[in-house]
Structures are given as C-alpha cells and as structure tokens.
Amino acid sequence: MAKAKRKKSAAPEAGMGRKGRLIALEGTSGPPLEEAALKLVRSLGSDKNPAGLSRFDASNTFYDLRLRKVKTMNPSPRELILLYASDLAFRVRWEITPAVQAGMCVVAAPYVHSIIGFGEALGMTRRWLTDLFSFAPEPEAVLRIKEKKKKIRKKGWRFKAADGYLEFCCASLAAGSKDFQPAEIRAAAVAYLQELEKEERCGKLGKRALRDLHAEDEEEKKEDQAEADSDDEGDEEEEDDEE
Amino acid sequence: MVYHACLPRPLPLMAKDKKKDKKKSKKKDEQQDSGGAAGASKAKKRFLNLIGKQEEKRGFLVAFDGPDGSGKTTQRKLFASWLESEGYEVAAAKWSSSPLVKPLIKARKKAHSLSPEEFALLQAADFRYNMDTQILPALWDGKMVVADQYLFTSLARDAARGLKLNWLLNLYAPLLWPDMVFYFAVSPETSGKRIAGKKKGPKYYDAGQDITNIEDPLESYKQFVSRIVQEYEALSVIFQFVKVDAEKTIYEQHRQIRQAYEKRERRPWAEWNSEVLADWLERREHIAEVQESARG
C-alpha cells in the first residue's frame, strides 16, 4: 500500500464532518478490476460515510473513439496515454476532488500506476509518465488486484476493446502492428505493479489490506471524536469565563 | 503514516532445491521483462542511420506562431504561395485539426466543460497525431511544411491559464523542433482591436472566459491576450523565435519573412529530433507491414 502521506483534504463541506479518502486500485484487466473495485467500495462505504467508484472513461473519450472506429486511425501509444491522462483529469475534476472534499471515500480504478506500467512496457520513460500524471492527487493508499505475469504469459490474453483501458489500447495497437503482443505488454505492466509492491509503494488487495484500511478509518474516527470532544470542552470553558 | 498492508510479508521457509527453482524462474522472468533490449538498440541504430541518410533529402519545417489577430495566417498563406512559386512542394499543417481528437475537443468546447489540464492534454494528443500522420510523413518525403500555429500556441495559452511550463513541455516530449519559427509579435491592444473588428467575436475558450470569469468575451479576451503575449515573449527567448513585428504592414512583414528564410539554417535531425523520428519510423514500419499483409 502506498506510503503516500495522506494529504489533508480540503475542509469538508458543512454537515459531512469527515475527511475524504482516495484509494487507488490498480489492475491491468478491466472486468476483474471493476469487480474488485465494487467489492472494495461496498466494504469501505457505510450509510453514514458513503464510498464511491471512479472508473476509467468517465469522460466518454474512449467510448467516442470506439464509435468512430479509432483502430483504423492507428493512434500511437503516446497519444493513447495522453488521452487517458485527459480522462483522468476529467475524473479528478468532476468525480474525485468533489467527492473527497465532501468527505467521501473514493476508489479510483484504475488510477495512475497501471498506466505507468503499461506506458513503460510500450517504450515511454517512467520519468515522462510520472511527470504527465503529476496533476493527479496523491492517493491515501495504492492497492493492486491479484494478477500473475507468468499466468498471463502462459495462457495469453483474450479481451474485448470495450473491457477496459488496456484492452482498448491493445486492440488499437494490434491493428497497427503484426508483432504486437498484448499478453506480453500486460505481463510487463503487472511486473511494474509487482515491483511497486516490493518497494512497498503498493499493496495487494486482500483481507489484510482491507483490515488495515478499516483500522485506519477507525483510528481517524477516534481522532475526530477526540478533537470534537476537546473543542466542546474548550467552548464550555469559554462560556464559563464569559459568565 | 505507515500502512501495514504495504509491509513485505516474511518469506516462507523453503528447501534448498525449491530456492534454486525460484531463482531460475526469476532469471527467466527478468529475461522476458527486458523484452530483447539488444534487439531494440539494433533497431535504434538502424533508424539513426536512416535519419542521417535522409537529412539531405528531407523537407524544411517552418512554424508561424503568435496570438490571435497577429496576422500569422495571412503571412502563412503568402509565404506558402511564394514557396510554391519557387518550385517547392508545400504541405500545410493546421492546429487542432486531427480526425482523432478534434471532434472530442469541439464537443467539450461547446459544453464549456474543459479544465485547463484536460484541454492541454487533448491538444497535446491532437498535435502528436497530426505530427505522426501529416508533418513527419511530408517532411520525410522532402516537402516544405508550413505550420499555422505549432505547439507554442498551446504552451503560451495553457501557461496563461496557469499551468506550469515544465509540465506542458513534458506533454510534447519528445519535441519535434522546427527548423524555423516565426513569431508574430503584437501588442495586446492591437490584437484586441483586430479581434473586435471581426464579424464573429472570440469564442469562450479563445477569449479565456474559462479562467477570467468575465461575461463579455471581448473584455475577457483583452485580459487573456495580455497574459498570452507575456508567455510568447518568454518563449521567444527560450526557443529563439524569429520575431516579426506584426504591427507593420503585410508587405513589410512578408519581406522580412522572405529575407529571414533565405538565410535559413537546418536544425540537423540527428542532433535535434532523433528520438521523435526513431519512434515514428518504428511505427511507420509496423503499419506498412500490416497494410501489406492485408493487401496480400
């Protein structure tokens, strides 16, 4: 899980009273990522503190491109990454930031790291990719779904362009290159996520990660409660002085 | 704050032979991960050779840039027809015109839904697509490419919208450096007057209403263009633009452009643009292969 320090999110709106959280969930295949993200949202949310999901293509950029048969236009990997970044800018502006500011927990799936891994596998430098996504707010935690690069290499990868971002890109890029191997590219992206995990910049989604996220939540609740109590005491003392 | 889920788990105890197996498979993975780096560097060398050989045959890239109302389109047309009259084959490259991204930008501009970051990213994608499909093929074939606005348009406008220049430059990396950039320097007042004189006033984003929050497009434009001019002035120093005084008459400007062009110097591709060209050559080869096999 990311060691990224939680940024003090902007003041929560009146009545919400809680700090928002942003959890990045990374994965290289759309359907399992979506499934895991929904489970995570259900697990983290409650009636009082709802959680939400920020998905890929909230801006409909890629839907629009699919309608216009983008495959025939042969976009380059760099163009596809720039388009993803524009979609993420849309998500940050319209989904993530407002929800976090309102005190919600937001699961962003995918967020930045799956795309950095994918971009790197396609020949872009990590530096370029990291700088490109520097506009995205740092998440409180980064988790990845369980994926094994060996398995992907062994079994290959069957997908539909509509399944997710990597699927969309691989379908477009395969149309422009005979030698393009989607399974290899995906495996390399998984390898990047594994590397992050080794460096302790990312955690694997599982019971342990969930337990830790809930523990963090509880801790924060207690802190908030303690802060609120001390504020009340302060107010009472002030009132006594005035009297 | 430390999140325990990120801590590495202790490795389970393993028998010696199991350890060996794991090491072997790890080596295999590493080899696969490197994805034939030797092959890639060979290809790069081949592309660098190609780029070197093409240097003499390649075309020349001239960019015309400046704020709205600086007269760059008029000068670009005059310059292109003069080049044609001199016997050159000329290709025009227009800003924000790619079939891939233009419809997306157009729809969002209409809905006034673009944030500065999103706008900058979409324009960078649009520019790159145009560069890959129009500018580079034309240059490779030896044509003169005259670009009506180049990436500096985005750099100036987006920096005027408050984005950092370093981040913006990174969007366009690796850069395709033009051989020559003509910058049409105009005062914000003149630019505002010229825009006000047009039948249609400036549009929402051209007027910078997304950041000025001024309802009157012309008033907003006047404020926005002064920021743009400032950014252009800074860029003109960094990128060594050829400055054209856009307050002068059309004839005088054209004469200055011709004179500057006649003293032109190429920016050697191998020195300035090898990265972007190697990238493009590799993709071009792949696409040609696919097209050939489809025909076959």
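The values are calculated or read from the model by the stated rules, or taken from the named source; none is laboratory data. Small disclaimer: the values here were computed from a predicted structure and weren't measured. Backbone-built Cβ (ideal geometry, glycine too); neighbour counts: all protein chains shown.
Values for this structure:
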| item | result |
| --- | --- |
| Hits in region B:59-87 (condition: under 19 Å from the mean Cα position of the chain (by Cα) and either without any contact (Cβ under 8 Å) to a residue 24 or more places away in the chain or assigned to a loop (DSSP other than H, G, I, E, B) (or both)) | B:Gly59, B:Phe60, B:Gly66, B:Pro67, B:Asp68 |
| Residue that is surrounded by the most Cβ atoms within 10 Å (Cβ to Cβ), among those in region A:73-126 that are hydroxyl-bearing (Ser, Thr, Tyr) and touching a residue at least 40 places away in the same chain (Cβ under 8 Å) | A:Ser114 |
| Residue within region B:39-50 that is in a loop (DSSP other than H, G, I, E, B), exposed (fewer than 11 other Cβ atoms within 10 Å of the Cβ) and at pLDDT 50 or above present | no |
| Meets criteria (in contact with a Gly (Cβ under 7 Å, 6 or more places away or on another chain), part of a helix (DSSP H, G or I), closer than 30 Å to A:Pro50 by Cα and aliphatic (A, V, I, L, M)) for A:Val100 | yes |
| Failed criterion for A:Lys204 (all others in (1) at the interface with chain B (Cβ under 9 Å from one of its Cβ atoms); (2) without any contact (Cβ under 8 Å) to a residue 60 or more places away in the chain hold) | (2) |
| Failed item, numbered, when A:Pro137 is tested on (1) within 13 Å of chain B (Cβ to nearest Cβ); (2) outside any loop (DSSP other than H, G, I, E, B) | (2) |
| Failed item, numbered, when B:Phe182 is tested on (1) more than 10 Å from the chain's Cα centre (by Cα); (2) in contact (Cβ under 8 Å) with a residue 12 or more places away in the chain; (3) farther than 19 Å from B:Gln256 by Cα | (3) |
| Breaking point among (1) at the interface with chain A (Cβ under 9 Å from one of its Cβ atoms); (2) part of a helix (DSSP H, G or I); (3) within 16 Å of the chain's Cα centre (by Cα), for B:Leu104 | (3) |
| In region A:103-134, residue farthest from the other protein chains (Cβ to nearest Cβ) [restricted to those that are in a helix (DSSP H, G or I) and under 21 Å from A:Val41 (Cα atoms)] | A:Ser114 |
| Residue match in region B:258-277 (condition: within 12 Å of chain A (Cβ to nearest Cβ), buried (at least 16 other Cβ atoms within 10 Å of the Cβ) and within 26 Å of the chain's Cα centre (by Cα)) | yes |
| Unique match (being in contact with a Gly (Cβ under 6 Å, 6 or more places away or on another chain) and either facing another protein chain (nearest Cβ under 10 Å) or of a type outside the set (Ser, Thr, Tyr) (or both)) among A:Glu184, A:Glu167 | A:Glu167 |
